[in-house]
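This report refers to the structure that appears directly beneath it.
The values are calculated or read from the model by the stated rules, or taken from the named source; none is laboratory data. This one's a predicted model, so the numbers in the text were calculated from it and none came from an experiment. Using ideal geometry, Cβ is built from the backbone for each residue, glycine included, and neighbour counts are taken over all protein chains shown.
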Amino acid sequence: MTSRRRLLPAAVLGLVALLLAGCATVPGSSDVTVLRRVGDPAEPSAPPGPARGAGPLEIVRGWILASGATAERHSAARAFLAPATAGSWDDGASPTVVSDRVDTTFSEGNGQAPEASVRVRADKLGTLRPDGAFVADPGTVDVTVNLTQDNGVWRISGLPPGTIVRRTDLRANTRPVRIWFLAAVGGAPVGETRYLATSPARSVASRVLDELLSGPSEDLRGAALSALPPGAMLRSAVGTSPDGVTTVDLTRIGPVDALDGGRRTEIAQQIVLTLAGVGIDRVAPSVDGEPLVEGRTELGVADVLASLPPVVRERRDLPSDNASSAPAAPPALVVTGGRVLTVPDNPSAASASAPDLVTGVDDPRSASLSPDGRDVAVVGLGADGMRLWVGRSGAAATPSPVAGRYVGRPSWTPDGSEVWAVVDGVPVRAVRAPGDGGALTPVALDSTSLAGYGPPTTLRLSPDGTKVALVAGGRVLVATVIRDSGGGARLGPVRVLRPGPVGEALAGVLDVTWSQTDRLVAVGTALGRPVQSASVDGLDLDSPTTTNLTPPVTAVAAAPERPTLVVDQGGLWSLPASGGDVWSSVPGGSNSSVPAYPG
């Protein structure tokens, strides 16, 4: 399969309202994401225009509020501008996303003269690119907006290009959509989050396909690509047939009969999985009017999942097929008191009398099940340090050559073919031999991109295997896993997740794990925030309840739709996947326990 990327201009994303109420300081608000199906008539309404008698501060706040409405080239925002400024304002620049606190003050004077200047200040989180991807770029926004008064009416006469958008408002008025590509090696589905405006609702399907046609972002360079060739585009608007099937007709792909069956299947897979994220479950894909997949005029998520290998289609990050029941997820495990035990989803049912998940390991310290739950990797403590063991769940494990003074908790690739861990401050990967024995053999992993960040202590692979999260110096580092056809692997450029000022940063981190393919949970010593959840792009940072917890929190395990498990000074605790106000104690845990979900 020869997959290539293309770069086409994507539809400009609509942004969100900045609810900058109050005088000079805007308080934050809760983070709410509203997901709508295609065709939902509910759309954000345009903010009102300038109020009669509004002063300079109110005009500037009103402009920021109205900048979220992109209809007719931000016509609502232009109502706050002087006529000459309205005609020259560059509203198409990439919007700047800031924290929830935005300050507006007079930069000089009190705004009583015919001219005034208002200073806008906020902590910058990053920018939203035209393709809908959020790019973290922490810093400070500090700009001045000039105003003039004409016949007693204040209007903006000078302002910076683009818009300024609070994080919570962005998330409340856009939908995070997974755009699906293919792993550069192996071709498994790889999703990437883009933020898609909910307005206008009637064009959501077309706009999400524009994102697909634009190809993977720079963050996935070397890890993912697209089966869609450069220049591919929609031949006509996305429609809906009388029986409710969404029609997608592509062009500039070449004659459909010139595409081999595998390439057609890959393109269909990308289209169907991507549209599933906006509530479309029946798709009729075609090329220049001819069915994309020979003999199939209509495809659904079930068809796509059936075409994938079992080890891939059972991944929890893929869109679900409501018509079929997914296999039961393997349990979490915990290493405690020198034993490796399973933890039921109802942690109160945990029992110290349960049989050990694996035997034959000297003084186990941490462990992880393979994604399918059949195998377990265990770190044991010996006379000369630590060693990694591997074996079948419920049986005796055998030692591997992976050893050192310190070996961190192991992490599996999605197909269970490799185990990764930190050994003496260096990421190491080990490949399993075929067969029930599954002996581990260390292989090269180029991690030179970590130079300068300090030695990591924790490593966790993402559920799709395309990224790795590490802890080094109390910070969370994220890097893309880049593989080559010869079996080699390396870590791409490293990014610190949520650096920045106190209250906006991830700091004092002791452990990290993936709760979803695009979201992590970090625990540590942060005052008042020993447990934090962050999106992998750095846009979101939230803290669940800390009731019953006694910091520092030293270990964490999380997984989609599963309870979050943490370890503090009092033992092992659980919080339901649906959230809650109180952490519940897990029987048998201690302050030295180390939990893990499969993977």
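Numbers below:
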| quantity | calculated |
| --- | --- |
| Strands (runs of 3 or more DSSP E) (entirely within segment 467-586) containing at least 1 residues that are over 21 Å from residue 421 (Cα atoms) and outside the structural domain of residue 170 (by TED's automatic domain parsing) | 531-535, 564-568, 571-575 |
| Selected residue [within 26 Å of the chain's Cα centre (by Cα) and of a type in the set (Lys, Arg)] from 52, 101, 121, 78 | 101 |
| Qualifying residue in segment 501-514 (condition: more than 17 Å from residue 595 (Cα to Cα) and among the hydroxyl-bearing types (Ser, Thr, Tyr)) | no |
| Residue 295 being at pLDDT below 90 and either touching a strand residue (DSSP E or B) at 6+ places or on another chain (Cβ under 8 Å) or not assigned by TED's automatic domain parsing to the domain that holds residue 515 (or both) | yes |
| Positions within segment 57-78 being touching a Gly at 6+ places or on another chain (Cβ under 9 Å), within 19 Å of residue 120 (Cα to Cα) and either at pLDDT 90 or above or outside any loop (DSSP other than H, G, I, E, B) (or both), in sequence order | 57, 61, 62, 66, 77, 78 |
| Which listed residue, of 262, 254, is small (Gly, Ala, Ser) and either under 27 Å from residue 316 (Cα atoms) or not in a loop (DSSP other than H, G, I, E, B) (or both) | 262 |
| Output for segment 124-158, where each listed residue is surrounded by 17 or more Cβ atoms within 10 Å (Cβ to Cβ) and among the β-branched types (Val, Ile, Thr) | 127, 135, 141, 145, 148, 156 |
| Residue among 192, 218 that alone is under 26 Å from residue 485 (Cα atoms) and surrounded by fewer than 18 Cβ atoms within 10 Å (Cβ to Cβ) | 218 |
| Residue satisfying condition, being closer than 22 Å to residue 367 by Cα and either in contact with a strand residue (DSSP E or B) (Cβ under 7 Å, 6 or more places away or on another chain) or part of a loop (DSSP other than H, G, I, E, B) (or both), within set 452, 438 | 438 |
| Close pairs from segment 348-364: first farther than 16 Å from residue 374 by Cβ, partner outside any loop (DSSP other than H, G, I, E, B) and at pLDDT below 90, Cβ under 7 Å, at least 6 apart | 362/382 |
| Test: residue in segment 228-238 that is of a type outside the set (S, T, N, Q), in contact (Cβ under 8 Å) with a residue 40 or more places away in the chain and crowded, with 23+ Cβ neighbours inside 10 Å | yes |
| Residue within segment 408-427 that is under 24 Å from residue 557 (Cα atoms), among the basic types (Lys, Arg) and not in a loop (DSSP other than H, G, I, E, B) present | no |
| Hits in segment 30-56 - residues which are at pLDDT 85 or above and out of contact with any Ser or Thr (no Cβ under 9 Å at 6 or more places or on another chain) | 49, 50, 51, 52, 53, 54, 55 |
| Single residue of 574, 515, 593 found to be at pLDDT 95 or above and in contact with a helix residue (DSSP H, G or I) (Cβ under 6 Å, 6 or more places away or on another chain) | 574 |
| Qualifying residue in segment 409-418 (condition: of a type outside the set (S, T, N, Q) and farther than 20 Å from residue 379 by Cβ) | yes |
| Members of segment 272-284 that are surrounded by 24 or more Cβ atoms within 10 Å (Cβ to Cβ) and under 23 Å from the mean Cα position of the chain (by Cα) | 272, 274, 275, 280 |
| Out of 244, 262, sole residue that is in contact (Cβ under 8 Å) with a residue 24 or more places away in the chain, on the phi > 0 side of the Ramachandran plot and exposed (fewer than 15 other Cβ atoms within 10 Å of the Cβ) | 244 |
| Residue 94 vs. criteria of a type in the set (Gly, Ala, Ser) and part of a loop (DSSP other than H, G, I, E, B) | yes |
| Near pairs, Cβ below 7 angstrom, 6+ apart or cross-chain, from segment 378-392 (in the same structural domain as residue 367 (by TED's automatic domain parsing)) to any residue that is of a type in the set (Phe, Trp, Tyr) and not in a strand (DSSP E or B) | 386/406 |
| Pair list, Cβ under 7 Å, 6 or more apart: segment 88-103 residue under 24 Å from residue 540 (Cα atoms), other residue among the aromatic types (Phe, Trp, Tyr) | 97/134 |
| Breaking point among (1) modelled with pLDDT under 95; (2) farther than 30 Å from residue 217 by Cα, for residue 567 | (1) |
